[in-house]
Amino acid sequence: MKQLPKNPAAEFMACVDTDKRNASAANHTATHLLDYALKQILGDHVEQKGSFVSPDTLRFDFSHFEKVSDEQLREVERMVNDMIRQDIHIDEHRDVPFDEAKKLGAIALFGEKYGDKVRVVRFGPSCEFCGGIHASSTGRIGFFKIISESSVAAGIRRIEARTGKECEELVYQTEDILKAVKAFFNNAKDLQGVIQKYIEEHDSMKKEIEGFQAQAVERAAKTLVEKARLVNGVKVVTSVLPMNPAAAKDLAFKIRAAVEGSLLCVLGTHDNNKPQLSIMMSDDMVSDHGLNAGQMVREAAKLIQGGGGGQPHFAQAGGKNVDGLSAAVDKVIELAHL
């Protein structure tokens with residue numbers, strides 16, 4: 001109810017959504033079994049540090065000093081599901097004196113305050129102080145599946161899980177995804193083997209492409225160095241060409257290595273309609289001429305609607321306007337005052 005009724009004194013009927021209630025009870029009961037299983041698999045140091053339960057999901061925080069491995073999570077799942085299949089009926093004790101409850105083996109949450117009398121809920125070996133709603137037996141949970149395990153604080157881990165109908169939906173989703181993936185590979189029977197083959201072929205082709213790219217960069221560097229202009233004793237290399245960012249950086253360094261003496265290299269490159277401006281200079285252009293590639297590239301990058309920076313001798317900038325690359329290259333030459 002989002003607002004108070006006009007007549008608060010009137011008679012009302014409250015209705016319980018039994019489906020949601022039962023689902024919440026199943027998820028809450030599963031946290032009891034999960035707590036027990038974690039202690040068995042990981043050790044007695046495990047303590048509950050928090051939990052959240054809704055009709056759709058459950059979350060359980062606990063103390064542990066490292067990431068829980070996939071193998072350990074699988075063991076926990078198996079233990080919980082085994083207890084579910086046993087259909088252990090609830091053994092509930094209400095208004096039990098605190099000391100007597102401790103003798104029953106009930107686990108109290110660290111830091112929690114309890115009254116003189118407490119409620120104890122037992123499902124087989126799992127025995128806890130608890131005032132929540134529970135399933136009448138573990139079999140009502142249906143099935144338990146861990147969705148994720150993560151860190152939420154130093155020494156505190158979190159498990160998120162599903163039960164019952166939500167697990168069924170997960171199975172359908174996984175099945176649909178698997179069918180879709182199989183369709184990509186002509187419904188291959190050995191899907192894992194086919195995917196592994198494609199990965200190996202991809203890696204092989206990637207190495208070949210990288211080899212071709214390296215050769216192309218070598219040829220481009222040689223050609224650009226040969227076409228370098230000599231301006232007041234400085235070799236000036238400029239070009240606008242299609243090339244990915246990694247190759248552009250490699251090209252700039254190869255040109256620097258190939259040129260003896262003073263160098264100013266300005267490259268305008270573009271890849272997938274994304275422009276990039278690269279400036280490479282010899283050390284003396286920085287020390288003797290007082291130039292700074294980082295400052296120059298930031299100014300010139302305005303012409304490609306972008307920005308960037310870098311070191312005094314090498315800097316790069318990206319942008320949005322490919323058509324402004326030539327003007328940006330010319331701007332760098334202008335800023336150099338050669």
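The values are calculated or read from the model by the stated rules, or taken from the named source; none is laboratory data. For clarity, every value in this text was computed on a predicted model and none was experimentally measured. Ideal geometry is used to build each Cβ from the backbone, glycine not excepted, and the neighbour counts take in all protein chains shown. For accessibility, only protein heavy atoms count, side chains too; no ligands or nucleic acids. Shrake-Rupley method; radii C 1.70, N 1.55, O 1.52, S 1.80 Å.
In the chain, taking the dipole from charged Cβ atoms about the Cα centre, the farthest positive-side position among Ile141, Ala228, Val120 is held by Ala228. Axis angle, to the nearest 10 degrees, between helix 18-42 and the longest C-alpha principal axis of the chain: 80 degrees. When you count the other C-beta atoms within 10 angstrom of each residue and take the mean per peptide, 209-221, 304-316 line up highest first as 304-316, 209-221. Once the Cα atoms are used to define both axes, helix 164-184 deviates from the longest principal axis of the chain by about 30 degrees. Looking at (1) 26.6; (2) 21.1; (3) 22.0, which value of Kirkwood radius over Cα pairs in Å comes from a calculation on the structure shown? Checking each listed value against the structure points to (1). In this label model, Asp190 and Ser148 are separated by 3.6 nm, measuring between points 7 Å along each Cα→Cβ vector.
Separation of the stretch 203-260 from the stretch 131-185 is 52 Å, based on Cα centroids.
For the chain, the 222 nm mean residue ellipticity estimated from helices alone, with every DSSP H stretch of n ≥ 4 adding -39500 (n - 2.57) and the total spread over all residues, rounds to -14000 deg cm²/dmol. Pairs exceeding a 24 Å alpha-carbon distance, out of Lys49/Lys113; Lys39/Lys103; Lys49/Lys145; Lys207/Lys254; Lys2/Lys165; Lys20/Lys179: Lys2/Lys165; Lys20/Lys179.
Placing Leu338, Leu73 in order of accessible area, with the largest value first and a 1.4 Å probe, yields Leu338, Leu73.
Solvent exposure of the chain, expressed per residue, is 60 Å² of accessible area, with all protein chains present and a 1.4 angstrom probe. Among the protein heavy atoms of the stretch 218-314, carbon and sulfur supply 47% of the accessible surface, probe 1.4 Å, non-protein parts ignored. Of the residues Tyr36, Ser54, Ala25, the one whose Cα sits farthest towards the positive end of the charge dipole of the stretch 1-60 is Ser54 (charges of +1 on Lys and Arg Cβ, -1 on Asp and Glu Cβ, taken about the Cα centre). Other residues with beta-carbon under 13 Å from the beta-carbon of Ala188 carry, at +1 per Lys or Arg and -1 per Asp or Glu, a net charge of +3.
Only Lys, Arg, Asp and Glu carry charge here, each on its Cβ (+1 for the first two, -1 for the last two); on that basis the chain has a dipole of about 660 debye about its Cα centre.
The angle between the Cα long axis of helix 325-336 and the main principal axis of the chain comes to about 60°, on a 0 to 90 degree scale. Just checking the listed ones, Met285, Met13, Met205: in the Gaussian network model of the chain with Cα springs under 10 Å, the one fluctuating most is Met13. These residues, Val152, Val297, Val286, go from largest to smallest accessible area, 1.4 Å probe, as Val152, Val286, Val297. Within the shell defined by Cβ-Cβ distances under 15 Å, the residues around Thr238 carry a net charge of +2, with Lys and Arg each +1 and Asp and Glu each -1. Of the peptides 18-24, 138-144, 3-9, the order by per-residue mean of other Cβ atoms within 10 Å, starting with the highest, comes out as 138-144, 18-24, 3-9. Across the stretch 205-211, rounded Karplus estimates of 3J(HN,Hα) from the backbone phi angles (6.51 cos²θ - 1.76 cosθ + 1.60, θ = phi - 60°) give 5, 4, 5, 5, 4, 4, x Hz, Gly and Pro being marked x.
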